[in-house]
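These notes concern the structure reproduced below.
The values are calculated or read from the model by the stated rules, or taken from the named source; none is laboratory data. Just so it is clear, the model here is predicted, and its values are computed rather than measured. Quick reminder, even Gly has a Cβ in these numbers, built from the backbone with ideal geometry, and neighbours come from all protein chains shown.
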Amino acid sequence: MIKISSRAPGPAGPRTAVWRSFPEGKSAVRRYTGDARRAVAFPLGGFGTGHVALGGDGALRQWQLSGVANHLGFLPDSFFALRVSSTEPPGDVVRLLRSAPLPPHERPAPNVSDAEVPDADRLPPWPTVAGTEFHAAYPFAEVSYLDDELPVAVSLSAFTPFVPLDSDASALPLVRYRFTLTNTSPEFRHGWLLGTLQNAVGWDGVTPIDGTRGAGYGGNVNRLLRRPGQTGVLMDHPGLDEKDPSYGEMLLWTDGPAAALPRALGAEAMLRFVETAKLVTPIQLGDYSDAALRNAVADGVSPLRAPVGPSPAGHTWDAAVAVAFALKPGETTTIDVVHAWWFPNRYADFDRFGPPQSYGGSRFWVGNHYAGRFGGALDVLDAYLADRDRLDTASRAWADAVAGSDLPEELREVVSAQGTLVRSPTLFRTADGRAYGFEGALGASTRNWNGDVGGSCPLNCNHVFNYEQALARLFPDLGRSMRDTELSVQAPDGALPHRVVLPLYLPQFHDVMIGGPERPALDGMLGAVLKTYRSVLDGAGTDWLRGHWPALRHLMHHVTTTWDLDGDGVLRGDQPVTYDISLHGPNMFVGGLWLAALRAMRAMAVLVEPAAASAYEDRFTVARDNYDKLLWNGEYYSQPVTGEAYDFGLGCLSDQLLGQWWAHQLGLGHILPPDRVRAALAAIVRYNLRTGFTEHGYRVFADGDETGLVVCSWPHGGRPDVPLRYSDEVWTGVEYQVAAHCLHEGLTDEAMRIVRAIQERYDGTRRNPFNEIECGDHYVRAMAGWSLLDAYTGFHYDATTAHLKITHRPGRYPFVAGTAWGTITIPTDGPPTLQTLGGTLPSTLTIEVTDLS
């Protein structure tokens, strides 16, 4: 008997697992204190909407609202501060709600910039709090502000709505900041919470800003917004052309009893505004009710005069809202402040791979999908307010489903943080609704060959997206969009170029050198088959599959006639792959993907062309036997020594079983002998999980005495003179897929050693736990981390049969099943309980609980 329930998401009930509760009833996955706050930068913002990061010190940085990836982007005069007063005994304490910048690490990590504090030497002229603690449970980030001289306890919970399976609800260009203040003193306290924001309309997101002076500024307009129960400042730049990349609107808003300074020329003026603010009538009459506070602020609270009109040439305006509060001893209040924005223009003006092209100065407007849903920043706010309870509650439910689960602590942290990769500057959505992604965001790790602003290695690179699972699982509609795009650019010979040219009406990469690697990536083509089947399992439907079936058949015919000329199922010849080179001899990296693709084609053929199924199964059987016989060396799957540059030969490749990892996720079973798969995985961990790194001539993603899984090693010698490119590097995406595969095979200790190694490197002291890098920040390959969830729980959903499978591992776990998400509880004895928190599952659903062994 299966128990299935459905309810509106709400706070999780008591759990036996240990985690820290947030004031809002949420759970925290991890706490960052002391030096571990240094590199923490938590991305806030919706999918494809632009972002800002909340630092471990409580400050805002990495301003990328217009969608230009730039980790060094800094918007001055945008902060939070607090003034707390008491009449008797007299007291008045002011603080910036951020701690002092942490000193640089004595050994800064290479290729990252998250620890940089852009305003470290020019903080606003109020003292900072003594310290902070940072807690995370995506999409929520909490900062506790610590200061013994503050008579109130202060914390901030910041988030952007995040609802699995609802890509629109998760694509709001706003951040809600909720401050919780508790009077911890024996005296009555009153004061002001100050929120500020600079009008950045006109800023290109790159050029440094000096105070309120910046290129693109001048003529900026800030308008006071007064609505019943609401106060804000709406910001724009009327003089900009509507097609300017930085054209748009911004909004600073609160629904607390607030006074506003709509225009200011610097932080000092805004701090002076709150220093001079007064609550004369409430103090004299002793009436601090909400109504009394709102009446007191209605006609102004400060004699400070705000400038008028548009901003001077070369300058912009800052703006501030000061929210009044009053607290009896032990009393608590919450104050919400919102930053919202609306930048409609996005251009395909980024780096282009392939042969040089001249388009006569065309910028190629592609737009932002979210901008078409709203008419401006105020519309964004109103859309949020109209659905506020549902969005807040559903977002909390997802955070608690992960943080309050019985997953091991290390896995809770990975699964939670995957959302930061999904909603990062790496991914975006154009006006027509299609989803796109760079490989990463240019940053410190790309300065060896490029700059540090914009997207890295455009676009929709299929061999890198071979590892991505989080985006497609959390938002299947966006995953399907990427399949639609990928298959739409198929070449006449059936090949799929591994990069997409945007706009799509431009010539695609057919019969030309592409770059990274030079020719269409074979692993990416095979991955396209697997990703298509993933969408089918998630509920894309047979009609959708039928529409793409001819392209898939054409693709597999191309692979067969190009690389399987002997007809023995073993692919040979020049095989371009994700290491930006070509492999030549037979290898299980490509071979495993080929085997999994054949199995997936057989499964899809059963749905839309049953007569073709047997041919794919027959070819699979022949290919499997020949690959296994040719490449198994007694420990792992190696490669015949060819003498070709970049072939790995006798090496132990961490990615050798990538196809088997995919097969497990798709429910295709073992594509190779199970005992050999487990032996090969054990060898990968034994030989490639290394502690201690020295100079190796490649990019450094693990150094010193750190532990990481290298791409390839040669445990028994035979390292070629020109070894596999990147062989000594450590890629978190590869580490995650190996760890998840270990879980699938019962190698739990090996899996957890890998995951712990990642988290020790990305622990906040030197690297940001919310930014895993490779060729750029927020690198797509790291979204392989999502597969740890399904690997640990054994969760697999097949929408074509309405069948759900899970391992008998007692506990409560989050799930996302294509059309629904929630939690599933596996008791020690008895049937599982499935609780849907969003979406629906078929009434004919069956659940199979498999033995843990």
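Miscellaneous remarks
- Taken across the range 520-531, residues that are of a type outside the set (Asp, Glu), more than 27 Å from Thr819 (Cα to Cα) and part of a loop (DSSP other than H, G, I, E, B) do occur, with at least one present.
- Close pairs from the range 343-359: first under 30 Å from Phe374 (Cα atoms), partner part of a loop (DSSP other than H, G, I, E, B) and aliphatic (A, V, I, L, M), Cβ under 6 Å, at least 6 apart: Arg346/Val366; Ala348/Val366; Ala348/Leu502
- Count of residues meeting criterion [under 18 Å from Leu261 (Cβ atoms) and out of contact with any Asp or Glu (no Cβ under 9 Å at 6 or more places or on another chain)] in the range 217-226: 3
- Some residue of the range 562-576 being buried (at least 21 other Cβ atoms within 10 Å of the Cβ), among the small types (Gly, Ala, Ser) and touching a His at 6+ places or on another chain (Cβ under 8 Å): no
- Qualifying positions in the range 746-758 - out of contact with any Cys (no Cβ under 7 Å at 6 or more places or on another chain) and either outside the structural domain of Glu468 (by TED's automatic domain parsing) or buried (at least 22 other Cβ atoms within 10 Å of the Cβ) (or both): Ile754, Val755, Ala757, Ile758
- Among the residues of the range 355-376, those that are buried (at least 18 other Cβ atoms within 10 Å of the Cβ) and over 30 Å from Leu837 (Cβ atoms) comprise Val366, Gly376.
- Restricting the range 573-609 to residues that are outside any strand (DSSP E or B) and of a type in the set (Ser, Thr, Tyr) leaves a set whose member that is nearest to His463 (Cα to Cα) is Thr578.
- Scanning the range 372-389 for residues that are of a type outside the set (Phe, Trp, Tyr) and in contact (Cβ under 8 Å) with a residue 60 or more places away in the chain yields Arg373, Gly376, Ala377, Leu378, Val380, Leu381, Ala383, Asp387.
- Entirely in the range 359-476, the helices (runs of 4 or more DSSP H) that have 1 or more residues that are of a type outside the set (A, V, I, L, M) and within 17 Å of the chain's Cα centre (by Cα): 388-403, 409-422, 462-465, 470-474
- Here is the figure for the range 224-248: residues that are out of contact with any Pro (no Cβ under 7 Å at 6 or more places or on another chain) and either under 30 Å from Thr333 (Cα atoms) or polar (S, T, N, Q) (or both) total 11.
- Among the numbered conditions (1) of a type outside the set (Asp, Glu); (2) within 21 Å of Glu275 (Cβ to Cβ); (3) over 26 Å from the mean Cα position of the chain (by Cα), the only one that Arg98 does not meet is (3).
- Residue satisfying condition, being modelled with pLDDT of 95 or more and closer than 30 Å to Pro827 by Cα, within set Glu439, Glu410: Glu410
- Selected residue (only one of Leu496, Leu459 is among the aliphatic types (A, V, I, L, M) and in contact with a helix residue (DSSP H, G or I) (Cβ under 8 Å, 6 or more places away or on another chain)): Leu496
Yes/no matrix, rows are residues, columns are (1) under 18 Å from Ala109 (Cβ atoms); (2) modelled with pLDDT under 95; (3) crowded, with 17+ Cβ neighbours inside 10 Å:
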{"position": "Val685", "(1), (2), (3)": "no, no, yes"}
{"position": "His696", "(1), (2), (3)": "yes, yes, no"}
{"position": "Leu709", "(1), (2), (3)": "yes, no, yes"}
{"position": "Cys712", "(1), (2), (3)": "no, no, yes"}
{"position": "Gly718", "(1), (2), (3)": "no, no, no"}
{"position": "Asp721", "(1), (2), (3)": "no, no, no"}
{"position": "Asp728", "(1), (2), (3)": "yes, no, yes"}
{"position": "Thr732", "(1), (2), (3)": "yes, no, yes"}
{"position": "Tyr736", "(1), (2), (3)": "no, no, yes"}
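- Boolean, His796 is farther than 18 Å from Val464 by Cα and either in contact with a strand residue (DSSP E or B) (Cβ under 6 Å, 6 or more places away or on another chain) or at pLDDT 95 or above (or both): yes
- Hits in the range 320-351 (condition: in a loop (DSSP other than H, G, I, E, B) and of a type outside the set (Lys, Arg)): Pro329, Gly330, Glu331, Phe343, Pro344, Asn345, Ala348, Asp349, Phe350, Asp351
- Odd one out for Pro89 among (1) under 19 Å from Ala444 (Cα atoms); (2) surrounded by fewer than 17 Cβ atoms within 10 Å (Cβ to Cβ): (1)
- So Arg761, is it more than 27 Å from Leu583 (Cβ to Cβ) and basic (Lys, Arg): yes
- Out of Arg767, Arg809, sole residue that is assigned by TED's automatic domain parsing to the domain that holds Ser456, among the basic types (Lys, Arg) and part of a loop (DSSP other than H, G, I, E, B): Arg767
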